[in-house]
Each structure stands twice: as structure tokens, then as C-alpha cells.
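Below is one structure, written out as C-alpha cells; the observations come after it.
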């Protein structure tokens with residue numbers, strides 16, 4: 001028995017939304033990972049440029065990602081590593097909240113970690129924990145949450 005046309009169209013749309021969601025997650029995650037690596041290494045290398053990539057993707061996503069865009073915009077304006085870490089925390093919280101609300105998960109091999117000292121999450125590739133909020137001073141402080 002053939003499916004009704006409306007059911008077939010709905011299935012195609014759901015598949016397209018699921019595929020789009022996976023793409024969106026990667027576009028937000030990779031620049032955030034690059035920022036995390038820099039801050040964990042106590043450097044500002046490409047932090048503003050990667051924050052601008054996050055902001056551009058969040059703007060493209062529209063109102064559900066507005067909090068990400070605002071936090072990333074603040075990160076693009078930072079010059080001191082201490083300020084970048086604060087802005088990165090706000091951006092990371094916004095990304096994790098967005099991913100949870102949209103029911104997205106990070107790409108394979110990427111996890112959500114949490115720093116109990118600043119009470120903020122961050123995205124990081126699997127492996128040894130590398131805390132971006134304290135860098136080398138407390139590099140392994142925190143735990144993986146997801």
C-alpha cells in the first residue's frame with residue numbers, strides 16, 4: 001500500500017531538518033574547539049577570528065541562537081586572556097543550551113566538560129581534560145559531563 005503524499009513529504013522534511021541540524025552543530029563546535037585549545041594553552045591565537053565564525057553561524061541560525069551570537073560578539077572584542085575566558089564561558093553556556101534545546105549533540109569525539117571553579121561548561125575533543133578557564137595553572141580541573 002502506498003503512503004499518502006503528505007506522509008512522504010513530512011518524512012522528507014524531517015530527514016532534511018535532521019541533516020541540517022548535524023551541519024549546524026559542526027559549524028558551531030569547531031571554532032569553539034579552536035578557542036578552547038588556545039585558552040587552555042594560555043594564548044589568544046585566533047580567538048577573535050574563531051569567535052567571529054561562531055557569531056556568523058549563530059546569526060545565520062536566527063533567534064534561537066541569538067544568545068550565542070551575543071556572547072561570541074563579546075568574545076571578538078576581548079584583548080586580554082582573562083576577559084576572553086569570561087566571554088568564552090558565556091559563549092560556551094549559550095552553545096550547550098542551544099544544542100540541548102535543539103536536541104543536537106556534538107560531533108563524534110567531542111564532549112561537554114565542566115569547570116567546578118567557574119561553574120561553566122566547554123566543548124572539548126576526547127582525551128585528557130584541558131581547562132580553558134585556568135589554562136596551565138589548573139589544566140586538568142573539571143570533568144566531562146556528556
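A few notes on this one:
- Test result for residue 135, buried (at least 16 other Cβ atoms within 10 Å of the Cβ) and under 11 Å from the mean Cα position of the chain (by Cα): no
- The set of residues in region 101-132 being outside any loop (DSSP other than H, G, I, E, B), surrounded by 11 or more Cβ atoms within 10 Å (Cβ to Cβ) and either at positive phi or free of Cβ contacts under 8 Å to residues at least 60 places away in the same chain (or both) consists of 111, 112, 113, 114, 115, 120, 121.
- Residue match in region 36-46 (condition: in contact with a strand residue (DSSP E or B) (Cβ under 9 Å, 6 or more places away or on another chain), more than 16 Å from residue 129 (Cβ to Cβ) and assigned to a helix (DSSP H, G or I)): no
- Meets criteria (assigned to a helix (DSSP H, G or I), modelled with pLDDT of 95 or more and farther than 24 Å from residue 107 by Cβ) for residue 74: yes
- For region 59-69, residues that are at pLDDT below 95 and surrounded by 22 or more Cβ atoms within 10 Å (Cβ to Cβ) total 0.
The values are calculated or read from the model by the stated rules, or taken from the named source; none is laboratory data. In this text the structure is predicted, and so the values were computed from the model without any measurement. Methodologically, a virtual Cβ is constructed for each residue, glycine included, from the backbone with ideal geometry; neighbour enumeration extends over all protein chains shown.
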